[in-house]
Amino acid sequence: IMDNINAKYVSQKISKTRWRPVSHSSLQHPEIFSTGSWDNEDNKISFWSISSNGGSGMDDGFEGDPQLLCEHRHDGDVLDLQFLDQDRVVTASSTGAVTVFRHHQNTQTISISQHWPRAHRYSCDNAPCTGVVCSSPEIVTVGEDGRIIIFRADQEGVIRVIENADSSTIHAVTYLRTTEILTVNSIGQLKLWDLRQQSNSPSQILSLSGDRVPLHCVDRHPNQQHIVATGGQDGMLCVWDVRQGNSPFSLMEAHSAEMWEVHFHPTNPDHLFTCSEDGSLLHWETSTQSDMPSFMQGGRNNSMISRSAMAPAGGNQSLISAWLNGDTSKGRLETTHMLPSQTLSVNSLDVLGQCLVCGTDGEAIFVNRHVPV
Amino acid sequence: MEEVDVEPPVTNIPAAAAGKHLGFAWGPGDILVYETLYKASGAKGSGSPFIHEVRKDEDIYSPILRKLFNESHHIFVGLQTIREDLPSKNKKPQFVSISKNYRSVIRACMEELQQVAVSTQDAEVATQYGDQVSILLAIELIWNLCEVLFIDAAPAGSLLLHLLDWVRLHKADVDEKARDVLQSESPAEHESYWDVVLGYVLQGRLEEARQMLVKQASLHPAARNMFKLMDTLLSKMPFYNPSGTQTLTEFDVKWRHWHEEVDRCLQDNSFASNQHLEAICKILVGDEDTLLEHKDLLSTWYHFLVTRLLFCHPTVKPTELHYYAQSCLTMFLDSRSAPEPLDSILLAAFEFDIHQVIKDCSIALNNWWFVAHLTDLLDHCKLLQSHNLHFGSNLREFLLLEYASGLFTHHSLWQLAVDYFDHCPEFGRVYLELQIERVPLDTERKALKVLRICEQRQMSEQVRSICKIMAMRALRNNRLGSALSWSIRAKDAAFATLISERFLQDYCAKGTFSDLDLIDNLGPAMLLSDRLTFLGKYREFHKLYGEKRFREAAKLLLSLMTAKIAPRSFWMTLLTDALPLLEQKEVIFSADQTHELMFCLEELTSSLNTAPPGTDKPMQEEDIEVTKVELLRLALARNLAMAIVKEGTVEA
C-alpha cells in the first residue's frame, strides 16, 4: 500500500488538502486538488494537478509528482478549506476572515471573488475562523469566538450570526441535512443547530460524559445522516448516532495525539480515514455482511493491522450501519497505516474515488491513487 | 585570549552611518544591532530608530533548501532509532545507506536549484542560486569523501575503487563532452575527441576509452597494429575485485606484471608515431609529468591524486593516503596559488583528521546543516568518542544545538528543531524549554501543537505558561468559557478561581448564568479549585430547582454553606435563594435544616454588624439588606414552626 504513496516536498507546512469535486454522472478520477498552508510568513492557497499531461507514459504506470498549477497569497493561516463548486474554494483564516477564491482553469490564475474580513472577531481583536462548510451557495463558518456565521457566496452581507453559540472554541462544523448543522467544540460537545429556528441555542447537545476531551473534527456518514464520526485531542475515534441518546455509540482507540480530520469515504462509507498530530494516517474498514468469509473482507489490506478496539455497542435495529454494529472479535474492523513512518503531524486529508491526498507539518504532500476501497 | 582560526568576516550595517556606535544583543540564530547614542552627558541628538537583524545562517530562508531541511530531518530521526546494541558489523551497512540517503537529498536539492538558476530571468536570483549550487556541490563532495574514508572505511584495494567512484561522480563533464562527440557527424575528428578518450583513461573508465578508440582506429588502417596493442593494454589492466577470491597480494603481482608490460611498450617506442597514444601509454604507466600536462582535464588536485594512485599505487592503504594527498596538492597547485578552504578540508579528510574537517567546514560554510548532520552520523559510527570540547557537552551536541537553534528562529521550521533537541541528551531539554515558550501563538491550533510537544516531554512548567497565556488572552476577549478551559487544562487553580469569580459576578449582576454549556459540563474538573466547585454545585442547585426537585435542591444549598464551599460573600445570595423554598406550601427544610439555616444567617449578620455601620454603603442598599434579613428571619421562623408540627405529626 505504501508503495503507492508519493511524497512531494513543497516548502510550506500544509494545513488543508481538498480534492476538487468531480461530477457525479461521469466516472472521472479526481485530477485537481487544493492546499492551504499555515505558520508561514506568507501563506498561500495552491492548486495542483495529478494528471500526467499528454498521456504518454500513462500505460506503464508512470505517475509523476503533483504539479503546481497556480497559487495565491492568503492572509493568515488557512485553518479550513472547502470547495464550493468546481471553480471556487472557501477558506477560513486565522485572521478571522472568510474568503471565496475563484480558480480560473483556462488561464491557471486565482482571484478573490468574495471576502469577509474579520467575520470572526472579538471586540478589540481578531478571532481565528476555525472551520467552514458549504452547500452552494450557502457557507457556514465557526470560530474561536464561539460564533456561527452564515453567508451566501453571491451576497456581500452576512445572512445570519448566531452569537454565543458556544462558550468555548468551535473547532469544526458539518451539515447533517440542508437545514441542520452540527458543531464540535473544545470541551467535547456536539451541538445540533436547526437553522429553521430563529433561536440562538442548539436543538440538542451530545457529549462524552464528563471527559471534556476537546473534539477537533467531525464528518457525517454520506448515506445515513444520523451517523457522525468525530475525533478529538486524545486521538479517539467516536461514532455517534445523533438520534440515540447523547453519548457516542462506539469509541475506538486510533491515534496517540490529536486527530485533526476524519472522513468517511464519500461513495463507500464502510471505509473511513483519519489523520493525526502523531504523524499517522489510518484507513479504517468495516464490513456490513458478517456472513462473508473473513478472507474476502480484508484481503486487500492485511498488512500492518494496528490497535483497534471497539466498545460494545448496544443497538438492535434491523438496519443499522456497520459503524454502529462494531464487533472486532469477529474481525470486522480493520485499520491500516497508510504512510511510511513519519514524525510530524498529518494535518489534513481528503479522499475521493481511489485517490487520497494529505498534507503534513513536514512540508510534504502525499498522494495515493490506488486506495483499496 | 585564544587565537582565532580565521579573521572574522565583516558585516556592514548599511543604514548605520559611519562613525556611529552600535550596540547589539545575541539571539539564538541572529544578532540584533542598534545605533546607540554615545555622547558626553547632556549632549542632545537622536539616533537611528532602526533595529537591524543580522542573520548568521541565511540558508534557512531559502525555499528550496527548506526541502533539504525537511527531508534530512526525517533521515536524522531514522538514524537516532538505530539500536545501540546491534553489533557494529550489522550497523555499518545501515550507516552507509543513511549517508547515501543524505547525499541523495543534497543532490535532489542541487538539481532543483540548478533548474531554477537556469530558468530564472532575474540575474541576481540566478547568481544567488548558482552560489548555493556550488556550496551544495562542495558539501556533497566532502560528504562523499567522508563516507568513503570514515563511514565505509574501505580497506586497501577497495579504497581505490571507492575513490574512483567519488571522482567519477563529481567530475561528470567528460560524459557531457562524450555526448557531444558521439552526436557529431564524425566523432573521431571532433575537436574534443582526444579529450574524451584521455578523460576516460584518467578516470580509469577503460572500457569506454576502448570503445572510443575503435572509432579512431578505423580512420587509420595503417596504424592498425598500434591501436590493437593499445586496446590490449587497456583491456588487460587488472582491477581489484573485493568480492572475488583473489587476494590483494595476488592482485598486486598481477598488476605489477601488467605495469611492466606497459613500461616495456613505452621503452620500445611502440606508440612513438602517435602522440595521443603515446600520452595514454605514459598515463597508464603513471608518469607524473604527463599527468600534470593534462591539468586542464584533471581540473583538480584530488582527481590528480586518484589518477596517480590508480596507475602507481592501486593497493594504497588508508594510512598512506595523507602522504600522496599532500604531495599531489603541492605538485598540482602552482607555487603562486594558495589552497582554497575546500582543498584544506579534503586534505584534512585524507589525513583522517575528522575534527579538522568539521572545524574547517564550520568556518567555511554559511550553514550549520552540513556539519551538524555529518558530525551526528560520524558520532553514531563511534568515530568521535575521544574528543571533548572545553565548552558545552561534546562536538555532536554542540553542532546539533546550533543548527536546531537556527531552525527555531524560523517562523515555520521551528517544529523540526524539536526532534534535534530531543536527541541532545545534555542540553537539548534546556534549549527546548527556553525556546518553546517563545513561539508566538496566533491560534489555538498552534497552541495545541506546542502544548502537545511540551506534554509529551513532561514539561509542566511550559504547559502551565502556555495555558496561562491562552487563558489570559481569552479572558481579555471576555471569553470566560475558553479561559476556564485553558486553566483547567493547566490545572491552574488560582486562575480557575479568578474566572469562577467572574462567572459569579456576572450571575449576581444579570441574575442568569452565561456559558451554561460549559458549567453544566464541568465534571471532575470542578474539583480543581474551591470556587470552581462552588460554581458547579451552585449551578447544580439551580438545575435541581428548575426541575422542581426541591428537597435535593434544599439539601445541596444548605451543604454549600455548612461545608464552607460557598464563599462568605455569597451567603446572602444563597439564603435569598432559600426564600422561595421556605415559602413553598409543602415543608422542604426539616427542623434541623432550618436550625442550621438560622445559624448561618446569624453568623452572617453578626459578622456584618461588626463592620462599622454606613461606612461605604449608601443608606438605601443597607435598608434593602436589613429588609432581606427580616424577611428571612420571618420565613425561617414560620418554616421551623411548620416543620416541627409536621415532624411531630408523622412521629405520632
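The table for this structure:
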| quantity | calculated |
| --- | --- |
| Spin-label pair residue B:131/residue B:568, simplified geometry with 7 Å Cα→Cβ offset, distance in nm | 7.3 nm |
| Spread of Cα-to-Cα distances over 10 Å intervals beginning at zero, given as percent, for the range B:166-316 | 11, 40, 37, 12, 1 |
| Reachable lysines, given that their alpha-carbon falls under 24 Å from the alpha-carbon of residue B:491 and they are not under 8 places away in the same chain | B:446, B:449, B:468, B:537, B:564 |
| Estimated FRET transfer efficiency when R0 is 35 angstrom, pair residue B:299-residue B:31 (beta carbons, to 0.05) | 0.35 |
| Per-residue Cβ neighbour rank within 10 angstrom, fewest leading, B:382, B:67 | B:382, B:67 |
| Spin-label pair residue B:627/residue B:427, simplified geometry with 7 Å Cα→Cβ offset, distance in nm | 7.3 nm |
| In degrees, nearest ten, helix B:444-456 long axis to first principal axis of chain B (Cα) | 80 degrees |
| Förster radius 25 Å - calculated FRET efficiency between residue B:58 and residue B:80 (Cβ-Cβ, nearest 0.05) | 0.35 |
| Candidate lysines for bridging to residue B:91, where Cα separation is under 29 Å - those fewer than 8 sequence places away on the same chain excluded | B:67, B:100, B:317, B:359, B:382 |
| Between 0 and 90°, nearest 10: helix B:395-408 axis offset from chain B longest Cα axis | 60 degrees |
| Gyration tensor over alpha-carbon atoms, chain B, equivalent ellipsoid semi-axes in Å | 87, 28, 21 |
| Environment charge at residue B:322 (Cβ cut-off 15 Å; Lys +1, Arg +1, Asp -1, Glu -1) | -2 |
| For B:514-520, mean number of other protein chain Cβ atoms within 10 Å | 5 |
| Charge sum, other residues only, whose C-beta stays under 9 Å from residue B:422's C-beta, Lys/Arg counted +1 and Asp/Glu -1 | +1 |
| Crossing angle, helix B:248-267 versus chain B [Cα axis fit, 0-90 degrees, rounded to tens] | 40 degrees |
| Local net charge near residue B:525, Cβ-Cβ under 11 Å (Lys/Arg +1, Asp/Glu -1) | +2 |
| Size of the protein assembly as shown as Cα extents on the principal axes (Å, biggest first) | 141, 87, 57 |
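Any read-out appearing in this document is the output of simple, stated calculations on the displayed coordinates, not a laboratory observation. All of these numbers come straight from a predicted model, not from anything done at the bench. FYI the Cβ positions are ideal-geometry reconstructions off the backbone, even for glycines, and counts take in every protein chain you see.
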